[in-house]
Amino acid sequence: MHFTHRIPEDNMIIDFHSNKLEQIDHPCMVVLALSDGTVINGAPAITELLRPHVENGEFGEHSGHHLYFFNPEGIKAERLMIINLGKKTTKSNDIRKATAKAWSKLLQKNRLEVLLSLDGFGGEQQQRAAVEGFLLGEYRFTLLKSEKDKLDPRLQRLSIHASSDMEGRVNQWKNIVEGVCKARDLCQMPANILTPTRFSELAAEWGTHHGFDTRVLDEDAINKEGMNAMYSVGQGSAQPSQLIIMDYQPERPSGKTIALVGKAVTFDSGGLSLKPAGSMAEMKGDMGGGAAVVGTMTVLRAVACPHRVVGIVPAVENMPSSSATRPSDVVTTLSGLTVEINNTDAEGRLILADALSYAGRFKPDFVVDYATLTGACLVALGPEVFGVMGNHQPLVDAIIEAGNELHEVFWQLPLVEDYNTLLDSDVADISNISSSQWGGTITAGLFLQKFATDYQWAHCDIAASIFDKSNDWQPSGGIGAGVRMTVAMLDKLQ
Ligand code: BES
Ligand code: MN
Ligand code: ZN
């Protein structure tokens with residue numbers, strides 16, 4: 001089964017136009033306007049066309065309303081869709097939502113070609129958001145649908161108008177969205193298909209296409225290296241664990257090395273500390289951290305990232321069986337610390353512990369890990385906001401800033417030193433669960449901190465990404481969280 005969110009013969013075209021917008025011959029132009037009639041990315045003729053509809057109230061007050069014209073006067077395009085942005089907006093995410101909405105309306109009309117002007121926006125963030133709304137919004141996970149002729153059609157052509165040269169930037173944005181869509185595909189795949197082995201094969205396949213090396217430690221090697229925490233999580237599963245190591249070497253190196261570590265539990269049943277049936281099915285998405293890392297790796301060459309980036313993805317399946325870890329078992333981690341596993345459902349921190357120690361071998365300047373780590377993070381921040389913690393404030397700041405620019409919102413939680421005693425164990429150095437029922441995201445972060453010792457580090461708890469509801473710009477479940485933020489964050493690290 002080939003992983004790609006588009007069937008190959010159905011590839012989208014992006015073309016570029018710099019002549020006058022009114023003069024472009026095109027099946028369908030999309031324009032954004034405020035509810036007071038201010039057109040953002042249009043031409044004077046469109047403002048004229050819109051005015052009476054604003055005056056008689058037909059354009060409405062609210063964002064998402066739209067008007068649709070055939071053979072509109074004063075412009076050559078055959079159709080014109082005007083999307084209402086609401087009263088006033090400077091927020092790029094409103095623009096992203098608006099163009100995603102435009103795509104869903106166009107799909108209903110079976111219009112698969114779009115002309116979008118990038119003139120008139122308040123800067124590059126807004127331009128990017130306008131393009132992303134279409135590209136993120138038209139994603140569908142169709143791999144497992146057998147009746148291909150019954151599928152919704154996809155966006156066939158995105159025509160970009162701009163008076164300045166936007167070709168390089170638009171193509172980069174498209175490449176980044178393709179990385180997001182790879183991450184989405186991974187998250188959507190059920191665990192009987194996306195096993196740790198399949199995950200590692202895909203990483204290797206994408207590595208050859210997108211310019212990074214992939215090496216895999218199999219279960220034996222994981223054991224021999226002394227990564228017993230990681231080994232213990234996979235030992236109950238018939239699926240062998242895999243430590244996936246991806247290495248991107250820049251053409252013109254900055255001299256910095258950044259390691260990205262992603263939790264990839266292809267299915268988290270909880271192990272012997274079994275989850276209740278109701279909350280188990282969504283745990284096919286417990287590899288979202290690993291998906292963020294692999295998705296990011298696939299775009300580094302295209303955006304000419306100047307840093308060496310090492311992606312480390314511990315991929316395991318957490319299952320109960322007679323060979324599974326028992327609550328109370330003690331393992332020795334790669335770092336030498338011993339861990340009492342009091343709850344086999346706190347497995348993410350175990351695989352990350354060894355992966356974080358392993359990351360130290362690359363002498364990284366910065367390490368960022370990504371994990372659907374704690375339900376508590378959802379309790380604390382809700383379904384739209386991710387948690388971030390770390391031992392180096394500028395790195396945490398870079399994550400928050402990059403996320404805010406692209407509307408992947410991260411909120412910092414404190415690594416409260418006094419809570420360390422909550423991880424005390426009677427028999428081992430530490431326990432893998434807190435003795436308190438409160439502050440579970442922070443105590444998970446404190447657990448990881450004990451292994452992120454030799455470098456500047458930040459931890460992203462993206463548990464919320466599993467529960468996102470589908471909307472115009474993202475599918476439910478696997479939203480491909482973290483890829484856009486990370487590419488932008490790498491740009492900020494000096
Ligand atoms: N993968 C889960 C965390 C999770 C839960 C992500 C819900 C997304 C939605 C993780 O492995 C887990 O089970 N965490 C436990 C930790 C507890 C046993 C200390 C949790 O959050 O309940
Ligand atoms: Mn778990
Ligand atoms: Zn988990």
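The values are calculated or read from the model by the stated rules, or taken from the named source; none is laboratory data. Everything quoted here is computed from the prediction, not taken from an experiment. Using ideal geometry, Cβ is built from the backbone for each residue, glycine included, and neighbour counts are taken over all protein chains shown.
Assorted remarks:
- In the range 198-216, the condition of being in the same structural domain as Ala264 (by TED's automatic domain parsing) and on the phi > 0 side of the Ramachandran plot is met by at least one residue.
- Tabulated pairs, the range 426-437, first without any contact (Cβ under 8 Å) to a residue 60 or more places away in the chain, second among the aliphatic types (A, V, I, L, M), C-beta under 7 angstrom, 6+ apart or interchain: Ser434/Leu422; Ser434/Leu423; Ser435/Leu422; Ser436/Leu422
- For the range 188-236, a residue qualifies if it is of a type in the set (S, T, N, Q), under 25 Å from the mean Cα position of the chain (by Cα) and farther than 18 Å from Ile312 by Cβ, and the qualifying residues are Gln188, Asn192, Thr195, Thr208.
- When we screen Asp286, Asp345 for residues that are crowded, with 18+ Cβ neighbours inside 10 Å, over 20 Å from the mean Cα position of the chain (by Cα), within 16 Å of ligand 2 (Cβ to nearest atom) and within 18 Å of Ala464 (Cα to Cα), the only hit is Asp345.
- Criterion: under 30 Å from Ser323 (Cα atoms) and either in contact (Cβ under 8 Å) with a residue 24 or more places away in the chain or among the aliphatic types (A, V, I, L, M) (or both) - qualifying residue of Gln172, Gln239: Gln239
- Only residues that are surrounded by 24 or more Cβ atoms within 10 Å (Cβ to Cβ) and either on the phi > 0 side of the Ramachandran plot or assigned to a loop (DSSP other than H, G, I, E, B) (or both) were counted in the range 178-193, giving 1.
- Residue list for the range 36-65, restricted to those being of a type in the set (Ser, Thr, Tyr) and at pLDDT below 95: Ser63
- Taken over the range 250-290, the criterion of being of a type in the set (Ser, Thr, Tyr) and within 12 Å of ligand 1 (Cβ to nearest atom) is satisfied by Thr266, Ser269, Ser273, Ser279.
- Considering the conditions (1) outside any loop (DSSP other than H, G, I, E, B); (2) without any contact (Cβ under 8 Å) to a residue 12 or more places away in the chain; (3) among the hydroxyl-bearing types (Ser, Thr, Tyr), Ser470 is excluded by exactly one of them, (1).
- Ala100 part of a helix (DSSP H, G or I), touching a residue at least 12 places away in the same chain (Cβ under 8 Å) and surrounded by fewer than 21 Cβ atoms within 10 Å (Cβ to Cβ): no
- Flag if Phe134 is surrounded by 17 or more Cβ atoms within 10 Å (Cβ to Cβ), modelled with pLDDT of 95 or more, on the phi < 0 side of the Ramachandran plot and assigned to a loop (DSSP other than H, G, I, E, B): no
- Tally, over the range 294-328, of residues that are away from ligand 1 (no atom under 16 Å from the Cβ) and either over 22 Å from Gly270 (Cα atoms) or not hydroxyl-bearing (Ser, Thr, Tyr) (or both): 19
- Answer from Lys275, Lys256 - the residue that is surrounded by fewer than 20 Cβ atoms within 10 Å (Cβ to Cβ) and either among the acidic types (Asp, Glu) or away from ligand 3 (no atom under 16 Å from the Cβ) (or both): Lys256
- Taken over the range 237-280, the criterion of being within 22 Å of Ile312 (Cα to Cα), within 16 Å of ligand 2 (Cβ to nearest atom) and out of contact with any helix residue (DSSP H, G or I) (no Cβ under 7 Å at 6 or more places or on another chain) is satisfied by Ser237 alone.
- Residues of the range 453-465 satisfying the condition of being surrounded by fewer than 24 Cβ atoms within 10 Å (Cβ to Cβ), within 23 Å of the chain's Cα centre (by Cα) and outside any strand (DSSP E or B): Ala464
This table checks each residue for (1) under 21 Å from Ala100 (Cα atoms); (2) crowded, with 18+ Cβ neighbours inside 10 Å; (3) free of Cβ contacts under 8 Å to residues at least 60 places away in the same chain.
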position	(1), (2), (3)
Leu34	yes, no, yes
Thr38	yes, no, yes
Pro44	no, no, yes
Arg51	no, no, yes
His65	yes, no, yes
Phe69	yes, yes, yes
Glu73	no, no, yes
Ala77	yes, yes, yes
Leu80	yes, yes, yes
